[in-house]
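Novice: Take a look at the following structure, please.
Quick note: the coordinates plus some simple rules give every number you see, no bench work behind them. Computed from a prediction, not measured in an experiment: that's the story for all the values here. Positions of Cβ are backbone-derived with ideal geometry, glycine not excepted, and every protein chain shown enters the neighbour counts.
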Amino acid sequence: MNHAISSQIVTTLLLATGLLSAAHADSDGAAFVPQLPKYIQECSACHMAFPPGMLPSASWQRIMGNLTKHFGTDASLDDASTREISAWLQNHAGTHRRVSEAPPQDRITQSTWFLKEHNQREIPSAVWKRAAVGSASNCTACHTKAAQGSFNEHDIKIPR
């Protein structure tokens, strides 16, 4: 068995057991990032725990530094949790070219790459208004494996 196949088998087994989750859209070849249980616990209580590779380090730093006004909500955490999650986000933040610039207001849905992937031609604005979708930040509405960190185009099902 060659090394590439062996590596794929190990990665598949780790994904299946939940020990790893994809960092960002697997179609861009991003690495897999081990999920931080504290991040999942705290952040997915209100929304999907977005893969850290979706934003640059500077965005995560601002987000974690202003949890009292987290997109209109007080998402304050104890100091230890804030430090742990912040360090993990900084360590796994997006570094590839398409996330090198912080999007307006550090919103993933306003990033250049997001707007390109979800352009009006492919995703009409009416889709975002559907009750089953609600907003562009509700990744799990269309990306059936988003909670596992996979945004592969083959796993998209847009609700009617």
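Novice: When you take every Cα atom in the stretch 104-147, what is the radius of gyration, and what is Dmax, the widest Cα pair distance, in Å?
Specialist: Spelled out, the Cα radius of gyration and Dmax of the stretch 104-147 are 10.5, 27 Å.
Novice: Is the shape of the stretch 45-160 rounded, prolate or oblate, going by the alpha carbon gyration tensor and its root eigenvalues a ≥ b ≥ c, with a/c under 1.5 for rounded and a/b larger than b/c for prolate?
Specialist: Prolate shape, in that a/c is at least 1.5 and a/b is the bigger ratio.
Novice: Let me ask another. Hey, which aspartates and glutamates would be in cross-link range of Lys145, C-alpha to C-alpha under 19 Å, not counting anything within fewer than 8 residues on its own chain?
Specialist: Cross-link targets: Asp26, Asp28, Glu117, Glu153, Asp155.
Novice: OK, next. Taking 0.36 nm per intervening residue step and subtracting the Cα-Cα distance, what contour gain separates Gln148 from Ala80 on full extension?
Specialist: Extra length available between Gln148 and Ala80 comes to 21.9 nm.
Novice: For labels at Asn138 and Asn91 in the simple 7 Å Cα→Cβ model, what's the distance in nm?
Specialist: With each label placed 7 Å out from Cα toward Cβ, I get 3.4 nm.
Novice: Taking Lys38 as the anchor, which aspartates and glutamates have their alpha carbon closer than 14 Å to its alpha carbon, excluding any fewer than eight residues away along the same chain?
Specialist: Partners within reach: Asp78, Asp79, Glu84.
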